[in-house]
Amino acid sequence: MSQRRKVGTSPKPDSGDSSGVGRKHSICMVSDFFYPNMGGVESHIYQLSQCLIEKGHKVVVVTHAYGRRKGVRYLTHGLKVYYLPLQVMYNQSTATTCFHSLPLLRCVFVRERITVVHAHSSFSAMAHDALFHAKTMGLNTVFTDHSLFGFADLSSVLTNKLLTVSLCDTNHIVCVSYTSKENTVLRGTLQPEIVSVIPNAVDPTDFTPDPSQRQKDRITIVVVSRLVYRKGIDLLGGIIPDLCLKHPDLHFLIGGEGPKRIVLEEVREKYQLHDRVRLLGALEHKDVRGVLVQGHIFLNTSLTEAFCMAIVEGASCGLQVVSTRVGGIPEVLPEDLITLCEPTVRSLCAGLEAVIAKERSGSVPAPASIHARVKNLYTWRNVAERTEKVYDRVAAEEVLPLDRRLRRLRSHCGPVAGSIFAFVAVLDFLFLLLLQWLAPCELMDAAVDASGPRGLWRQDACFKKAAKKTDEQT
């Protein structure tokens, strides 16, 4: 065992064989993006955590404070969430100096007896900090990448270099599509063997069809998306006037908010389409299904996408899906459930007109039959089972000691960036020694488990169940 584990963390609980198979893990999900913020990463972390708790693992979530939401909160099934008082810099991502978060994260890791740190999203500075500190403390690490990046512009170059540093000694990486895996392997110069593909999922009970909500005198195209450039809102602004001119009974129902909303408002004003284009603004997750079931066609105009959960939700509600052929989208749905187009106005208009013609002729499958096919494609329980295998694998792997980690950083990240971050890793280790001297982990009280094999909520539920059974017998 390396010196880092001795000074940084308490011993791991022995709850399985040495290979890691069958072990109940104590998992810390870390990301800047979590509830009350809404999005694909937030939903992924929450749903995956719930399924892992259901399988007997202990899960806690660490994110930054959102307004007045600070400290510790509990969600369904005892999911504990730490809202840390860290300063947000840009787009809900925290500012990072790589050291200011160590005391807080160390406290969480030690008190919760964490064995696996699972970070999410390349955009999250807190996720990169957590990976860096977890390796310093001798903990196993997993990273899930939810996005695609380019290689040419300055922001992509800087982000890719940071990703290379973060992932060069991470135990395992998870991507949400094979396109995303290829992108991450190239960006991080990784060995493909340590990268797994585990897709996102939807809860099919939350997205069921209801054809009675559709208006029979019109065809409605639904768009649910953040109104930003990456989601192709400029393409949507070019599609609307062309199709509305050709099809007098065509209506658009658009949910979402963002800086590109002004583009849609200008189109609506210029072509006097106020009665045919409805902008609903930001939607809560519980309201999305109510919007989807009003439509006949779901439209996605993204310019880049690793795995588009929105098209799965639209198909689960029985809508015909039209989408751009970008990123990992062609992998998501079977060919007969989606119409793929090039990311141009002309191609999208042609694809939509083909689907509109099918709608008018009644040659599209029934919404119930589409839902029946989609509900078994992606389930969170399947995602949890596959993620659990990743945890079992990394639990049996070695965490690099400091000397080998420094050599890995220099050899993998280049002589300049590698040397800089090797120096940062040494400073991080020295800071950890100082914290251990000031507040030894042996003197830090273990936090009460709400979830996991020894969770109080689980024990309380078992006690109530046993008491009820005894009462029934008597």
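Counting each DSSP H run of 4 or more residues in the chain as -39500 (n - 2.57), what helix-only mean residue ellipticity at 222 nm follows after dividing by all residues, to the nearest 500 deg cm²/dmol? Working shown, then result.
Numbers: 16 runs with 203 residues, N = 474.
Roughly -13500 deg cm²/dmol at 222 nm, from the helical runs in the chain.
Rounded, prolate or oblate: which fits the stretch 195-268 when a ≥ b ≥ c are the square roots of the eigenvalues of the alpha-carbon gyration tensor, with rounded for a/c under 1.5 and prolate only if a/b beats b/c? Here the stretch 195-268 falls in the oblate category.
Take the alpha carbon gyration tensor of the chain, find the square roots of its eigenvalues, order them as a ≥ b ≥ c, and report rounded if a/c is under 1.5; if not, report prolate when a/b exceeds b/c, else oblate. Write down the numbers at each step before the final one.
Working: a/c = 2.22, a/b = 1.56, b/c = 1.42.
It is prolate, given that a/c is not under 1.5 and a/b is the larger ratio.
Diffusion coefficient (Stokes-Einstein, Kirkwood radius over C-alpha pairs, 10 °C, 1.306 mPa s) for the stretch 218-257: 148 µm²/s, rounded to a whole number. Close amide H contacts of His64 (hydrogens built in the peptide plane, cut-off under 5 Å, sequence separation of 5 or more or a different chain): Leu84.
Shown in residue order for the stretch 335-341 are the 3J(HN,Hα) couplings computed by the Karplus curve 6.51 cos²θ - 1.76 cosθ + 1.60 at θ = phi - 60°: 4, 7, 10, 8, 9, 9, 10 Hz (x for Gly and Pro). Enter the angle in degrees (range 0 to 90, nearest 10) between the Cα long axis of helix 154-167 and the first principal axis of the Cα atoms of the chain, meaning the one along which they spread out most. Result, in degrees: 40.
If you roll a 1.4 angstrom probe over the protein chains with everything in place, what fraction of the accessible area of the chain belongs to carbon and sulfur, to the nearest %?
Values: 11970 of 21200 Å².
Roughly 56 percent of what the probe reaches on the chain is carbon or sulfur.
Which entries of Lys55/Lys260; Lys135/Lys181; Lys260/Lys389; Lys58/Lys231; Lys135/Lys260 have Cα-Cα distances beyond 32 Å here? Violating the 32 Å limit, Cα to Cα: Lys55/Lys260; Lys260/Lys389; Lys58/Lys231; Lys135/Lys260.
Seen against the Cα atoms of the chain and their longest principal axis, helix 456-473 is set at about 80 degrees. Among residues other than Ser155 with Cβ under 14 Å from its Cβ, the summed charge is +2 (Lys and Arg +1, Asp and Glu -1). Rounded to whole Å, give me the distance from the Cα center of the stretch 197-270 to that of the stretch 95-133. The stretch 197-270 and the stretch 95-133 have Cα centres spaced 37 Å from each other.
Does the stretch 85-180 come out rounded, prolate or oblate by the C-alpha gyration tensor, with a ≥ b ≥ c the root eigenvalues, rounded set by a/c under 1.5 and, if not, prolate when a/b is larger than b/c and oblate if not?
oblate
Here's the picture: a label point sits 7 Å out from the Cα of Glu331 along the beta-carbon direction, and within the stretch 361-386 the residues with their amide nitrogen under 18 Å of it are 377-380, 382-386. Packing-based ranking of 333-345, 276-288, 137-149 yields 137-149, 333-345, 276-288, ordered from highest to lowest mean Cβ neighbour count within 10 Å.
The spread of Cα positions in the stretch 26-155, taken along each principal axis and listed from longest to shortest, comes to 44, 30, 29 Å. Straight-line cross-link partners of Lys80 among the aspartates and glutamates, defined as a Cα under 13 Å from its Cα and at least 8 positions apart when in the same chain: Glu112, Asp449. Highest mean first, the peptides 166-179, 308-321 sorted by other C-beta atoms within 10 Å per residue fall in the order 308-321, 166-179.
Taking Cβ atoms as reference points and 14 Å as the exclusive limit, the residues near Ala439 contribute a net charge of 0, counting Lys and Arg as +1 and Asp and Glu as -1.
Helix 345-361 and the long axis of the chain differ in direction by around 70°, with both axes built from C-alpha atoms. The listed peptides 250-258, 54-62, 355-363, 191-199, ordered by packing as a protection proxy, come out as 54-62, 250-258, 191-199, 355-363 (highest mean of other Cβ atoms within 10 Å first). Residues whose amide H lies under 5 Å from that of Ser196, counting only those 5 or more places away or on a different chain, are Ile173, Val174, Cys175; hydrogens are built 1.01 Å from N in the peptide plane.
The values are calculated or read from the model by the stated rules, or taken from the named source; none is laboratory data. The structure displayed is predicted, hence computed values, not measured ones. Don't worry about glycine lacking a Cβ; one is built from the backbone with ideal geometry, like all the others, and counts go over all protein chains shown. Only protein heavy atoms, including side chains, enter the accessible area calculation; ligands, DNA and RNA are left aside. Shrake-Rupley method; radii C 1.70, N 1.55, O 1.52, S 1.80 Å.
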